[in-house]
Amino acid sequence: MKVRAYIEKTLKQRKMHMTLLDPAKQPVSIAGAIAEKAAAAGTDAVMVGGSTGITQENLDMTVDEIKRRCSLPVIYFPSGANAIAQRCDAIYFMSMLNSRNVRNLIGEQWKGAPLIKRLGLEPISMGYIIVEPGMRVGEVGEADVIKRGDNNRAVGYAIAAEFFGMALVYLEAGSGSPQPVPEDMVSSVRKNIAIPLVVGGGITDPEIARRLCRSGADIVVTGTLVENGDFMDPLREMVAAIQSLEIRS
Ligand code: 1GP
């Protein structure tokens, strides 16, 4: 089954959790071990990517090791066209909608698209929206970050993503953010779009993840949570909190 179909099928039943692994942050063998444990904890997919330090070599080696150690879908979460993970199951074909730099809106995309097509990688289109504080991805992406409380702007970008025909909207507070995207921003966006809503950045507490899902997040992404060696119990709790919620009717 294609990855987009897997996501849409799963979301008919329940909310989803995805684990983000940054190839620049740990040796390949550790990335494989984390993916294996994350699969055992019940995460729904592994996303691979990071804002800086991604090379074709560390990317390919990390993806191969993850695929060797678990059977979950592996989705490339790119920061540009400089490296394309050829052996992933799919790629988020994303545009940072609130970047000030055209490179992040369509520049990297036109460069990468022909190769993605040649490789037969499944593209899953995504409107990527950076919310304050935005952290490293907000800086390198030159995002005009959405202020916490500026729900109207978040809603505008999300509706625009849907009008563009994108498959997903991702509200991103940035990896390691001290606060996740505000719940009322998530609920405002949810009320205005029909496509699935991904929320990530700074989510380490299962109760907060549950509240974000109740506010309308369909997919919760966590990365930092698995960077601490002893993450099995917190990850299990996180996954259970999210997956126990049925999708909106
Ligand atoms: C970053 O939203 C993801 O793109 C994950 O963020 O590392 O804070 O979980 P964390």
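What the table shows:
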{"quantity": "Lys, Arg +1 and Asp, Glu -1 on Cβ, resulting dipole of the chain about Cα centre, debye, nearest 20", "calculated": "660 debye"}
{"quantity": "Loop-located chymotrypsin sites (Phe, Trp or Tyr not before Pro) in the stretch 136-167, at most 15 other Cβ atoms within 10 Å (DSSP)", "calculated": "Phe164"}
{"quantity": "Residues Asp218, Asp205, Asp60 arranged by fewest to most Cβ contacts within 10 Å", "calculated": "Asp205, Asp60, Asp218"}
{"quantity": "Gyration tensor verdict on the stretch 3-243 (Cα atoms; rounded if a/c is under 1.5, prolate if a/b is larger than b/c, oblate otherwise)", "calculated": "rounded"}
{"quantity": "Reciprocal of mean inverse Cα separation for the stretch 1-112 (Kirkwood radius, Å)", "calculated": "14.6 Å"}
{"quantity": "Least to most buried among Ser71, Ser175, Ser29 (fewest other Cβ within 10 Å first)", "calculated": "Ser71, Ser29, Ser175"}
{"quantity": "Fraction of antiparallel bridges per DSSP, the chain only, in percent to nearest 5", "calculated": "5 percent"}
{"quantity": "Shape of the stretch 139-249, Cα gyration tensor, a/c cut at 1.5", "calculated": "oblate"}
{"quantity": "Calculated SAXS-style log₁₀ I(q)/I(0) at q = 0.12, 0.13, 0.15 Å⁻¹ - the stretch 50-188, Debye, Cα scatterers", "calculated": "-0.50, -0.58, -0.77"}
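Every number in this text was worked out from the coordinates using simple rules, so none of it is lab data. What you see is a predicted model; the values in this text were computed from it and never measured. Reconstructed Cβ throughout: ideal geometry from the backbone, glycine too, with neighbour counts over all protein chains shown.
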